[in-house]
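K.L.:
Sending over a structure as structure tokens; questions will come in a sec.
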Amino acid sequence: MLRRSLVLVAALAAVLSPLAAAAPKASAPFPITIHTADGDVVIKTQPTRIVSLSPTGTEDLFAVGAGSQVVAVDNDSDYPKNAPHTTLSGYTPNVEAIAGYNPDLVVVSNDIGGVVESLQKLGVTVLVEPAADTIAQAYDEIRQLGEATGHTAAAATVVKGMETQLTQIIRSVPKSHRHLTVFHELDPTYYSATSTTFIGRVYALFGFENIADAADTTHSGYPQLSAEYILKSDPQLVVLADDVTPKQADARAGWSNLAAVKAGRVLEVNEDVASRWGPRLVDFARAIAAVAKKG
């Protein structure tokens, strides 16, 4: 599972481009050098056989118009529905199986089991796009995938759209509701995400106070809270990203007295939408805003 301050609102990026949009022509000459956190990656020619082992990478690729260039995605890439789904795993990558798709570019979110070097030895270009810590980093990864696939202009449009929509969504929440306390539930045992995580930074955009922050004594970013701690903190907004429904949560001992329950600010969200750092971040923010306005 898995995956942040109003100062980012000004930098938040117009309309989300359709995930299934037709791929435009290359917007930059090749070869091209992509400057990533893990170093420079040279893309010699525009990729035509891309394998994505990253669910967020898959969403980004289709959003920038590179969907027609993708020949295979991993078994966790469940969006968009028209992506070429396979049994490939991003958690236990099988180099031989990946190579079987004859890729000219492989996108991964981490280098599990030395998959990057193994693929490079086979002459396959690999782009590592790790889990984003900040919204700015998420934007950078969309731009990088746009450049790498020949869709630089389309990627810029996606980012601009996200920035514009997020700004509008945040401004739609009344100032009187900009300081709500929030509890984000990652699983039914009360693991949560603090303001130092990507998820937490989304809440910070609204100005919300995260009740998990004070409980993160180990600074992991993902502390496990207790039922007692949650009740004592009395969050004004609860977001359930673990298949628990608001009705089920409301039935928990003591929860009927929570401010969030009384105000009708208990939100159930798809855990993938809440934890991925791609274009559907806008959908997550919109759902939060709709509930935050209540009461």
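The values are calculated or read from the model by the stated rules, or taken from the named source; none is laboratory data. The model shown is predicted, which means the values in this text are computed figures rather than measured ones. Methodologically, a virtual Cβ is constructed for each residue, glycine included, from the backbone with ideal geometry; neighbour enumeration extends over all protein chains shown.
K.L.:
Being assigned to a helix (DSSP H, G or I) and hydroxyl-bearing (Ser, Thr, Tyr) is the filter here; which residues of region 136-185 pass it?
P.N.:
Within region 136-185, Tyr139, Thr149, Thr152, Thr157, Thr164, Thr167, Ser176 qualify.
K.L.:
Any residue in region 273-288 that's under 14 Å from Lys160 (Cα atoms): show its pairings with residues that are part of a helix (DSSP H, G or I) and small (Gly, Ala, Ser) at Cβ separation under 6 Å, as long as the two are six or more apart or on different chains.
P.N.:
That search, which allows pairs on different chains as well, returns Pro279/Ala63.
K.L.:
Using beta carbons and a limit of 7 Å, which pairs, at least six apart or on different chains, have the first residue in region 241-268 and assigned by TED's automatic domain parsing to the domain that holds Phe183 and over 20 Å from Lys293 (Cα atoms) and the second one outside any loop (DSSP other than H, G, I, E, B) and among the small types (Gly, Ala, Ser)?
P.N.:
Every condition considered, the pairs that remain are Trp255/Ala249.
K.L.:
Which of (1) touching a strand residue (DSSP E or B) at 6+ places or on another chain (Cβ under 9 Å); (2) surrounded by fewer than 20 Cβ atoms within 10 Å (Cβ to Cβ) is the odd one out, the single condition Tyr203 does not satisfy?
P.N.:
(2)
K.L.:
For residues that are surrounded by fewer than 22 Cβ atoms within 10 Å (Cβ to Cβ), under 23 Å from Asp283 (Cα atoms) and aliphatic (A, V, I, L, M), tally how many sit in region 241-264.
P.N.:
Here the count works out to 4.
K.L.:
May I pose another question? Taking the conditions exactly as written (at pLDDT 90 or above, more than 30 Å from His179 (Cα to Cα), assigned by TED's automatic domain parsing to the domain that holds Leu127 and touching a helix residue (DSSP H, G or I) at 6+ places or on another chain (Cβ under 6 Å)), does Ala63 satisfy them or not?
P.N.:
yes
Here's the yes/no breakdown for (1) out of contact with any helix residue (DSSP H, G or I) (no Cβ under 6 Å at 6 or more places or on another chain); (2) in a loop (DSSP other than H, G, I, E, B); (3) in the same structural domain as Glu141 (by TED's automatic domain parsing); (4) surrounded by fewer than 19 Cβ atoms within 10 Å (Cβ to Cβ):
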residue: Thr217; (1), (2), (3), (4): yes, yes, no, yes
residue: Lys232; (1), (2), (3), (4): yes, no, no, yes
residue: Pro235; (1), (2), (3), (4): no, yes, no, no
residue: Val239; (1), (2), (3), (4): yes, no, no, no
residue: Ala274; (1), (2), (3), (4): no, no, no, no
residue: Phe284; (1), (2), (3), (4): no, no, no, no
residue: Ile288; (1), (2), (3), (4): yes, no, no, no
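K.L.:
Sticking with this structure for a sec: Do you know which of the residues in region 117-142 that are of a type in the set (Asp, Glu) and farther than 15 Å from Val159 by Cα is nearest to the chain's Cα centre (by Cα)?
P.N.:
Checking each candidate, the answer is Asp133.
K.L.:
Just for region 59-72: of the residues that are farther than 13 Å from Gln144 by Cα and among the β-branched types (Val, Ile, Thr), which one is farthest from the chain's Cα centre (by Cα)?
P.N.:
Val71
K.L.:
What number of residues in region 29-71 are closer than 17 Å to Asp111 by Cβ and outside any loop (DSSP other than H, G, I, E, B)?
P.N.:
Result for region 29-71: 10.
K.L.:
Applying the selection to region 75-134, what residues are among the basic types (Lys, Arg) and either in a helix (DSSP H, G or I) or not assigned by TED's automatic domain parsing to the domain that holds Thr56 (or both)?
P.N.:
Passing the criteria: only Lys121.
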